[in-house]
Amino acid sequence: MICSPVFHILLSSHKPSTQKLYSSKWKTFVCWAKQSYMDPVSALMHSILEFLTLFFKEGANSSANKVHLSEMSNFHIRFEGSSVASAKLCRAFLRGTLLLRLPFKDPTLPWDLNLVLQALMHSPFEPAAKCELTFLTWKNVCLVAFTSARKISEMKALSSKPPYLIFHKDRIMLQTNASFFMNVVLESNINQSINLPIFFPKFTNKCEYMLHLLDVHRQLHFYLHRTKEIRKTDQLFVSLADLKLGKPVAKVTLARWLTHCISFIHNTLGLSLPKPVKAHSTRSMQLLQSF
């Protein structure tokens, strides 16, 4: 029997969100097994594959079934020395589900990055000192997302205070707070710095000036100054809602600001989007199109 302190440490090998996801998958299998009058810990291989087949028929892909098998491996007895996920039949089953339902990546660009950047140089996003705080916030969220190509969870964990935010002469350095950790925790990515260059601080022509309007260094200076009076947290991005004004913003809100800004720009210019904008698309778009 594993003692409680050891069990707690073992559970901590996964992030809370991962623990929640995996736990729900195991509970689903437990409920199904009990309805079939079998012990979920010692269920036979054909029963496990039958369970996975039911989910596959309902639309689950190979990745979803991998999560099921991974969580089963933590509780189920081993098959001839192998975990459930490593068993030969399970690996063959996953291969079959992959080939029967190949993932499709739509080559159509979901939105126009260059168009969005052009719009961010003009009203209602400029001048940064006088525009509505909502538009200034949207612009800062977009620029940080575009230039860093980081996940929304990482952006939420950015801080507005040194040493997690430092304005250098030639760049701006951002860093997630000490409590944040990546999905895959490695020493190399713990509190990893995000260094973003400055865009034409000493512009000499109109073209350089317009590009300077996309400078994250400049934009965050304005954003921090204009949110100083309402700020109630060290988190970089703060809520603008009346009941939560100045408080830490949630990941879902950051994602909504990002997608709303992109959609707003396209709609304002009378352009339709081929499909709904998703926050994570900014990472792929940053690689697909030149900044």
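With contributions of -39500 (n - 2.57) from each DSSP H run of at least four residues, the per-residue ellipticity at 222 nm computed over the chain stands at -15000 deg cm²/dmol. The phi torsions of the range 234-240, fed into the Karplus equation with coefficients 6.51, -1.76 and 1.60 and a -60° offset, translate into couplings of 7, 4, 4, 9, 10, 5, 10 Hz, rounded to whole numbers, with Gly and Pro shown as x. Summarising the label geometry, the points placed 7 Å from Cα in the beta-carbon direction at S193 and E208 lie 2.6 nm from one another. The base-10 log of I(q)/I(0) for the chain, evaluated at q = 0.12, 0.14 Å⁻¹, reads -0.91, -1.07 [Debye formula, identical scatterers on Cα atoms, solvent excluded].
Listed by chain and number, the lysines whose alpha-carbon sits under 22 Å from that of K105, ignoring those within fewer than 8 places in the same chain, are K57, K66, K151, K275, K278. The rule of thumb for compact globular proteins, 2.2 N^0.38 Å, goes into the C-alpha radius of gyration of the range 198-291 1.30 times.
Each 10 Å bin from zero up to the one holding the largest Cα-Cα distance in the range 34-83 carries the following percent of pairs: 23, 56, 21, 0.
Here is the size of the range 79-130 from its Cα atoms: Rg then Dmax, 24.5, 69 Å.
Figure note: T176, T204 ranked by solvent-accessible area, largest first, 1.4 Å probe, ligands and nucleic acids not counted: T204, T176.
Put simply, the convex hull of the Cα atoms in the range 55-202 casts, on average, a shadow of 14.4 nm². Overall, the accessible surface of the chain at a probe of 1.4 angstrom is composed of carbon and sulfur to the extent of 60 percent.
Of all lysines in the structure, those lying under 18 Å Cα to Cα from K244, and not within fewer than 8 positions of it along the same chain, are K156, K228, K232.
The values are calculated or read from the model by the stated rules, or taken from the named source; none is laboratory data. Because the structure is predicted, anything quoted here is derived from the model rather than measured. Cβ coordinates were reconstructed from backbone atoms using ideal geometry, including for glycine residues, and neighbour counts include every protein chain displayed. These accessible areas exclude ligands, DNA and RNA; they are computed on the full protein's heavy atoms, side chains included. Shrake-Rupley method; radii C 1.70, N 1.55, O 1.52, S 1.80 Å.
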